[in-house]
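Worksheet: one structure, shown below.
The values are calculated or read from the model by the stated rules, or taken from the named source; none is laboratory data. Computed from a prediction, not measured in an experiment: that's the story for all the values here. Positions of Cβ are generated from backbone atoms using ideal geometry, with glycine treated the same way; all protein chains shown enter the neighbour counts.
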Amino acid sequence: MSTSPAAIAAPHLHAATLACRRGTRLLFQDLNLNLPPGRIVWLRGHNGRGKTSLLRLAAGLSTPEHGEVTADGEPVRRSSDFRDRLVFIGHANALKDDLTVTEALQFLLRIHGRPSDAATAHAALARLEMGSRRNAFVRTLSQGQRRRVALARLAVEPGPSLWVLDEPFDALDVDGITRLNDLLEGHVARGGSVLLTSHLPLDSARLAPLEIDLDAYAPRR
Amino acid sequence: MRSLFLALFLRDIRLAMRRRIEALLPVVFFVVAVSLFPLGVGPEHDTLRLIAPGVVWVCALLAAMLSLTSLFAQDHADGSLEQMLLTGQSAVVVAVAKSAAHWTLTGLPLTIAAPLFGLLFDMHPASIAALTVSLLLGTPTLSLLGAVGAALTLGLRSAGVLIILLVLPLSIPALIFGTGAVGAVEAGQSSMAHYSILGALLIFTALTAPPAAAAALRISAE
């Protein structure tokens, strides 16, 4: 699935004069987004400013009010090649309470066409120090542990891809944050790109994020 | 495409096995509802034989509705649905896999249980066979239609009521021709015409319902 030549580099995400509307409210307008491979874009902004909405636009889950998000020049809504090179981890962890940790992770890897054998899943869980809970049911995990399992998908990514992460540091402890920073750093070094939101300050020295402040794009009244 | 279908189908079956009591609810409802009729109507053989196909079909229809509300709702709430829509494959595969799992967990057990109730209602063996075949052809139609209703009402507060209002009218043809097949056998005629219409309904629903459900799922993700 990821054998196409384009899989060598992360998709170059681009959007110009983007506007997003939720219901009757215009969240932001005239937003320009440029995410070249090998970089991290950190979305900032007050609550309700449209950070999650922008991530969903970038992942191709919803359509913008104005403008278009493109990956390597192709609209993300229509490109299945883009989706093969995308990892979207939303605010919800997408883990089923009645599955074991390994089963839940394997399911997510399988539907996205990633390597999903038990050894791969166990190695990924070990990267986030969840190896000891790999046979536990998801319902027995704490919030932070669930987040770690959801993020373990990132440790499986074979090539440079685009990671779209909604508050990935949420509920993580100091050790979890360090481990996620390691993953992000390794990913960027491989030429992968990341679009993320975080209310915690990022480790600028290690990750050198480009910042976009959504408050600057709020519609003027 | 096959791997997404299989992964999703097998996961739904596995989740149902982990929650056996909940998964059995439609079948239990069916068993209880059908067995109440002889108690309410009275033990006359002729009356029971007359109403049996209708009773079994109506109860099967309602039992299939029971588990529809949760068909996509849980996946929607916990973010799994988003992930399924982001696989780079068509949402139609998701709709087909969920419908198939729903049928395996409700339609199939109902079809297997139906002959036992045929005996309870003192039906002739030929009528029992016709009832079983008609359920086998009709229940997949119900699961496919139900998936459209469940997808359309995702995220709505009164989803349960709306699904019933949306899906029950659409499933009336299956009900009419399903019970009609048994009626034909009892009148000494061939039920092939009814089977053909049920089959045609199934083919038509199989071709149109998954794309409709897929479109509704994509809208729900907006």
Q: Could you list all residues from region A:48-63 that are away from every other protein chain (no Cβ under 11 Å) and farther than 13 Å from A:Asp166 by Cα?
A: A:Gly48, A:Arg49
Q.
within 14 Å of chain A (Cβ to nearest Cβ), hydrophobic (A, V, I, L, M, F, W, C) and surrounded by fewer than 19 Cβ atoms within 10 Å (Cβ to Cβ): is that true of B:Ala101 in this structure?
A. no
Q: Sort out which residues of region A:84-95 are at the interface with chain B (Cβ under 8 Å from one of its Cβ atoms) and in contact with a Leu (Cβ under 6 Å, 6 or more places away or on another chain), and write them in order of number.
A: A:Leu86, A:Phe88
Q | Qualifying position, being outside any helix (DSSP H, G or I), surrounded by fewer than 24 Cβ atoms within 10 Å (Cβ to Cβ) and more than 14 Å from the chain's Cα centre (by Cα), among B:Leu156, B:Leu116 | A | B:Leu156
Q. Could you say which residue among B:Asp78, B:Asp122 is within 14 Å of chain A (Cβ to nearest Cβ), of a type in the set (D, E, K, R) and either out of contact with any Asp or Glu (no Cβ under 7 Å at 6 or more places or on another chain) or farther than 22 Å from B:Val28 by Cβ (or both)?
A. B:Asp78
Q | Selection from region B:18-38 of residues that are in a helix (DSSP H, G or I), free of Cβ contacts under 8 Å to residues at least 40 places away in the same chain and within 14 Å of chain A (Cβ to nearest Cβ) | A | B:Arg18, B:Arg20, B:Ile21, B:Glu22
Q.
Go through region B:162-197 and report how many residues are crowded, with 16+ Cβ neighbours inside 10 Å, closer than 15 Å to B:Ala129 by Cα and either out of contact with any helix residue (DSSP H, G or I) (no Cβ under 9 Å at 6 or more places or on another chain) or of a type outside the set (Phe, Trp, Tyr) (or both).
A. 11
Q | Filtered residues of region A:174-212 (kept if closer than 27 Å to A:Gly48 by Cβ, among the charged types (D, E, K, R) and exposed (fewer than 13 other Cβ atoms within 10 Å of the Cβ)) | A | A:Glu211
Q: Would you please list the contacts, defined by Cβ atoms under 7 Å and residues six or more apart or on different chains, that run from a residue in region A:37-60 that is part of a strand (DSSP E or B) to a residue that is small (Gly, Ala, Ser) and surrounded by fewer than 23 Cβ atoms within 10 Å (Cβ to Cβ)?
A: A:Trp42/A:Ser198
**Q.** Test result for B:Ala147, away from every other protein chain (no Cβ under 14 Å), under 17 Å from B:Leu66 (Cα atoms), within 15 Å of the chain's Cα centre (by Cα) and not in a loop (DSSP other than H, G, I, E, B)
**A.** yes
Q) How many of the residues in region B:14-48 are modelled with pLDDT under 90, crowded, with 16+ Cβ neighbours inside 10 Å and over 20 Å from B:His124 (Cα atoms)? A) 1
